[in-house]
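Below is one structure, written out as C-alpha cells, with a few remarks after it.
The values are calculated or read from the model by the stated rules, or taken from the named source; none is laboratory data. For clarity, every value in this text was computed on a predicted model and none was experimentally measured. Positions of Cβ are generated from backbone atoms using ideal geometry, with glycine treated the same way; all protein chains shown enter the neighbour counts. Just so you know, the surface numbers come from the protein's heavy atoms only, side chains and all, with ligands and any DNA or RNA stripped out. Shrake-Rupley method; radii C 1.70, N 1.55, O 1.52, S 1.80 Å.
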Amino acid sequence: MTDEATEGAPDTGTAHRWRALAGEPGVVVLDGFHALKHALRFGAEIPLAVSEDPTAALALAGRLAPDLTDRLAGLLRPVPPGTLGRLVPRPHPTGVAALAVRGTGEAGTLAPAVDTGRRTAPLVVLDAPRHLGNLGAVVRLAAGCGAAGVLTTGTVDPWHPAAVRAAAGLHFAVPVQHREPAELPAGPLYALDPEGADLRTRTLPDDALLAFGSERQGLGAELRARADHLVALPMRPRVSSYNLATSVAMTLYHWSAQRPPGSA
C-alpha cells in the first residue's frame, strides 16, 4: 500500500488500515493521548496510532510525557480533520487514537502470577460490574496501587474501549481478565458487605482477593457464599453507599497503609 502521508496527500490509506486492523481479534482501541501514553510506557504493542494534528499531540507530549516524544514522533500517522469521528465512537479531545494488542505489555508478563499462591499484592474482584467508567477507574486505581490484577465476573467486557479510556490505558500495566466465579484463583476472599466487620479492624494479606459487588445489585450470592471474611467500609449514618471506584480506593489504601514505606 502506498503511504500517502509521506507524499503530502490526505492520508486515507491510514484510515483504511485502521479499519482492517480494528477488526482483528485481540486488537483494542486506545482513545486519547493519555491512554496511548500509558500503553507505551508499559510496553503495549501498538500497530497504529493516528492524530488529526500531530504537531499539537507532540507539543502535548512535550509538556506531559517528554519521555515519549521521540517515540510518538515516529509512531503517529496524520489523518484529515473529521477522520477520528469515523474511526472511534467518541473522539477524545486530545485528537489522538491508537490500536493496541490485548495481552501485550507489562500486564501480559504479570498475568501468570494472578493464579499463583505467592502473590505479593491483592487481586481486585468486581462482581458483575455494569458501569464501564467505574470499571476503568478501578483498573487505574489497581495499577497505581500495585494490585496483582483486576478480575471481573458477569457479562461486561473489561476491555471495552470505554473502560480502557476511563483507565487511561493502564490495562497494559496490570492484568485485567474476565472470570466466572468458579474460576477465581485461590486465596482468602474478603468481600465488601454492609454487614461485615469494620475494615479498619482487619489486616488484609498480600494474597487476598478483594471482592466488590455491582453498583446496583451488590455482591452476588455465589461470591458472598465463598467469602472467607465480610468487611465493611466506615460510613457516616444515613449515607447509603460509596461509588464503586471509591470503595476500591479506600480498600486498597487500607492494604497499602499496612505495608512499610517503599514496599510497593
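The sole residue among GLU24, GLU45 that is within 17 Å of VAL176 (Cβ to Cβ) and in a loop (DSSP other than H, G, I, E, B) is GLU45.
Among the residues of the stretch 126-162, the one identified as small (Gly, Ala, Ser), farther than 20 Å from LEU252 by Cα and outside any loop (DSSP other than H, G, I, E, B) is ALA162. With respect to the conditions (1) crowded, with 22+ Cβ neighbours inside 10 Å; (2) more than 18 Å from LEU36 (Cα to Cα), HIS178 falls short on a single one, namely (1). Where strands (runs of 3 or more DSSP E) fall wholly inside the stretch 184-264, the ranges with 2 or more residues that are farther than 14 Å from ASP127 by Cα are 189-198, 229-232. Taking the stretch 52-107, which residues are hydroxyl-bearing (Ser, Thr, Tyr) and under 22 Å from the mean Cα position of the chain (by Cα)? Answer for the stretch 52-107, where residues must be hydroxyl-bearing (Ser, Thr, Tyr) and under 22 Å from the mean Cα position of the chain (by Cα): THR94, THR104. Selection of first residues in the stretch 46-71 that are within 11 Å of LEU36 (Cα to Cα) and of second residues that are open to solvent by 30 Å² or more (accessible area, probe 1.4 Å) and of a type in the set (A, V, I, L, M, F, W, C), restricted to Cβ pairs under 7 Å at least 6 apart or on distinct chains, gives the following pairs, ordered by first then second residue: ILE46/LEU75; ALA49/LEU75.
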